[in-house]
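Asks: What follows is a structure written as structure tokens; I'll ask about it next.
The values are calculated or read from the model by the stated rules, or taken from the named source; none is laboratory data. Just so you know, these numbers come straight off a predicted model, no measurement behind them. So basically every Cβ, Gly included, is an ideal-geometry build from the backbone, and we count neighbours across all protein chains shown. Surface accessibility is based on the protein's heavy atoms, side chains included, excluding ligands, DNA and RNA. Shrake-Rupley method; radii C 1.70, N 1.55, O 1.52, S 1.80 Å.
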Amino acid sequence: MIEKINKLIEEVEQFKAENIEQLEKFRIKILGSKGSLKELFQDFKTVGAETKKEVGQAINTLKVKAEEKVAFYKNHFENNLSSSSYNHIDLTLPSGNTPVGSMHPISLIRNEIADIFGRIGYVIAEGPEIEDDWHNFTALNFPPNHPARDMQDTFFIEKEIALRTHTSSVQVRIMETTPPPIRIIMPGRVYRNEAISARAHCFFHQVEGLYIAEKVSFADLKQTLLYFAKEMFGENTNIRLRPSYFPFTEPSAEMDVSCPFCKGSGCNICKGSGWVEILGCGMVDPNVLENCNINSDQYSGFAFGMGIERITMLKYQINDLRLFSENDIRFLEQFKSVLL
Ligand code: PHE
């Protein structure tokens, strides 16, 4: 009898169930009301006193092992660990939380600027970040060795090749290849050799705009920028233009918007003045048009350029430029809810 039991123990140990049906068959065979164990318990009554202990223990081992096996596979199938247990997946259960990313604030504002100008017919133009001297400087009326080139501390790669210091280089590329009218905005990354601080970085992002057609005037420029300022910072925003200098525009100006925080009454963001500077602009210098083979007697145009970081800092009250490139998730996560 002991041999019979040991055989059954071995059988139980080796048993593997591939599906619930096989497991149920096994359970009935060993543990069922007409199963092997039942039979053994019956026979046990007739076992002589001298082997009773040994046989009793063996039957018990068989019972425990069989029960463990059944419990193991039952759990296995119920927890979807087997392909044959699809009918146990509850498709109505809510899923776990999937982490979602967010748009970078610079991308959000770049898209918003592109959208605002897109509504009045501007299309996006792009160009290379590694530029030659012609497109970044010379065609834009920076004479060789002119101190104006020092306005923008340049990262040179070779003698006449540099990382672009502004996206004005894209203006040149488009004017060289496209007959007017031209109405483009040029978003992109630019590089300047500046010490990194809360207010300056060695790379940042610009959006420049260019409009070339017949009889374009400074009034057109002013109206376009007023439209932009109102769309970006709100209907009640005012602008003011202050005379400035850029080699590629004449006349040139810098534009301030009424402080979006204190609405002009003076706060620490606008340093009490009620105004914050957001962009440079001007009428395209006829020399630049001629450099790009555009007849300056027939055509005129305006250009403007702004730093996306600056607008973003104003829009979201961010006080440190370095936050934009540190990839700190605690900073980036704050822009999750912004849908653009
Ligand atoms: N390119 C200038 C800059 O980088 C901005 C600008 C663009 C000014 C177009 C006037 C006209 O500062």
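Asks: Can you name the condition, by its number, that Gly48 falls short on among (1) within 60 Å of the chain's Cα centre (by Cα); (2) without any contact (Cβ under 8 Å) to a residue 24 or more places away in the chain?
Replies: Gly48 satisfies all of (1) within 60 Å of the chain's Cα centre (by Cα); (2) without any contact (Cβ under 8 Å) to a residue 24 or more places away in the chain except (1).
Asks: So which residues in region 246-263 are surrounded by fewer than 19 Cβ atoms within 10 Å (Cβ to Cβ) and within 9 Å of Gly282 (Cβ to Cβ), if there are any at all?
Replies: Initially, region 246-263 is screened for residues surrounded by fewer than 19 Cβ atoms within 10 Å (Cβ to Cβ), giving 250-251, 254, 261-263.
If the condition is that a residue be surrounded by fewer than 19 Cβ atoms within 10 Å (Cβ to Cβ) and within 9 Å of Gly282 (Cβ to Cβ), then Glu250, Pro251 are the ones that fit.
Asks: Looking only at region 219-242, how many residues end up being open to solvent by less than 60 Å² (accessible area, probe 1.4 Å) and part of a loop (DSSP other than H, G, I, E, B)?
Replies: Of the residues in region 219-242, 2 are open to solvent by less than 60 Å² (accessible area, probe 1.4 Å) and part of a loop (DSSP other than H, G, I, E, B).
Asks: Which one is farthest from Ala66 (Cα to Cα), of the residues in region 3-45 that are exposed (fewer than 14 other Cβ atoms within 10 Å of the Cβ), over 60 Å from the mean Cα position of the chain (by Cα) and polar (S, T, N, Q)?
Replies: Gln42
Asks: If you don't mind, there's one more thing I want to ask. How many residues does region 313-335 hold that are open to solvent by less than 90 Å² (accessible area, probe 1.4 Å), within 14 Å of the chain's Cα centre (by Cα) and not acidic (Asp, Glu)? It would help to see each step written out before you state the result.
Replies: Residues of region 313-335 that are open to solvent by less than 90 Å² (accessible area, probe 1.4 Å), as a first pass: 313-316, 318, 320-325, 328, 331-332, 335.
Those left that are additionally within 14 Å of the chain's Cα centre (by Cα): 324-325, 328, 331-332, 335.
Filter once more, so that each one left must be not acidic (Asp, Glu): 324-325, 331-332, 335.
Adding up the residues that qualify gives 5.
Asks: Restricting to region 155-174, count the residues that are more than 9 Å from the ligand (Cβ to nearest atom) and surrounded by fewer than 24 Cβ atoms within 10 Å (Cβ to Cβ).
Replies: 12
Asks: Which pairs turn up if I take residues in region 173-186 that are in a loop (DSSP other than H, G, I, E, B) and look for partners that are open to solvent by less than 50 Å² (accessible area, probe 1.4 Å) with beta carbon separation below 7 Å, at least 6 apart in sequence or on another chain?
Replies: Hits for this filter: Pro180/Ile212; Pro180/Ala213; Pro180/Ile294; Pro180/Tyr299; Pro181/Ile212; Pro181/Ala213.
Asks: Further question: Sort out which residues of region 110-133 are outside any helix (DSSP H, G or I), open to solvent by less than 90 Å² (accessible area, probe 1.4 Å) and over 30 Å from Phe156 (Cβ atoms), and write them in order of number. Spell out how you get there, then give the answer.
Replies: Kept after step one, since they are outside any helix (DSSP H, G or I), are these residues of region 110-133: 119-132.
Those still in the list that are open to solvent by less than 90 Å² (accessible area, probe 1.4 Å) too: 120-123, 125, 127-129, 131-132.
Across region 110-133, the qualifying residues are Ile120, Gly121, Tyr122, Val123.
Asks: Residues of region 294-312 being open to solvent by 20 Å² or more (accessible area, probe 1.4 Å) and either more than 20 Å from Met186 (Cα to Cα) or assigned to a loop (DSSP other than H, G, I, E, B) (or both), which ones?
Replies: Asn295, Ser296, Asp297, Gln298, Tyr299
Asks: May I pose another question? Select from region 221-255 the residues that are β-branched (Val, Ile, Thr) and touching an Asp or Glu at 6+ places or on another chain (Cβ under 8 Å) and write down the one among them that is nearest to Phe137 (Cα to Cα). Show your work before the answer.
Replies: Our first condition is that a residue be β-branched (Val, Ile, Thr); within region 221-255, this holds for 224, 237, 239, 249.
Of the ones still in play, those that are also touching an Asp or Glu at 6+ places or on another chain (Cβ under 8 Å) are 239, 249.
On the way: Ile239: 29, Thr249: 13 Å.
If we take residues in region 221-255 being β-branched (Val, Ile, Thr) and touching an Asp or Glu at 6+ places or on another chain (Cβ under 8 Å), then Thr249 is nearest to Phe137 (Cα to Cα).
Asks: Now for a different question. So Val216 passes all but one of these: (1) assigned to a loop (DSSP other than H, G, I, E, B); (2) of a type in the set (A, V, I, L, M, F, W, C); (3) surrounded by fewer than 18 Cβ atoms within 10 Å (Cβ to Cβ). Which condition number does it fail?
Replies: So Val216 meets the others, but not (3).
Asks: Tell me, yes or no, whether region 183-198 has at least one residue that is open to solvent by less than 70 Å² (accessible area, probe 1.4 Å) and more than 16 Å from the ligand (Cβ to nearest atom).
Replies: Yes, region 183-198 has at least one match.
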